[in-house]
Amino acid sequence: MKVMIDTNIFISAALFPNGKVAQALRKALTYPYQPITCDYVVDELHRKFQEKFPDRLVELEAFLYVALQSIKGEIFSE
């Protein structure tokens, strides 16, 4: 089953790694689910963090490094 991961999911999971959204994301990143996202979502995520959480950009990059490893090959361009 394909699961689209949007900006809000990434933001919530990155800011609250022990929260319910993070738990749901971890589940979506495992078999039998096929997580997908698009480059626009990743770009928007960077913009929102720069705008609202500039002091947490390092955490965002660490989070994305791990999360996007599971989504590789399923990131679509516009």
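Read-outs: derived from the displayed coordinates by stated rules, not from any lab. As the structure is a computational prediction, the values presented were derived from the model and not from experiment. Every residue, glycine among them, receives a Cβ derived from its backbone with ideal geometry; neighbour counts consider all protein chains shown.
Here is how the numbers come out for the structure above:
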| quantity | calculated |
| --- | --- |
| Positive-end residue, the chain charge dipole about Cα centroid, Cβ charges, pick of LEU25, MET4, LEU15 | LEU25 |
| Taking the chain and dividing mean pair separation by its residue count, relative contact order in percent (alpha carbons under 8 Å, at least six apart) | 36 |
| 25 Å Cα cut-off, lysine pairs counted over the chain (separation 8 or more, or different chains) | 9 |
| Magnitude of the charge dipole, the chain, Cβ model with Lys/Arg +1 and Asp/Glu -1, debye to 20 | 380 |
| Cα centroid separation - the stretch 12-28 against the stretch 45-74, whole Å | 13 |
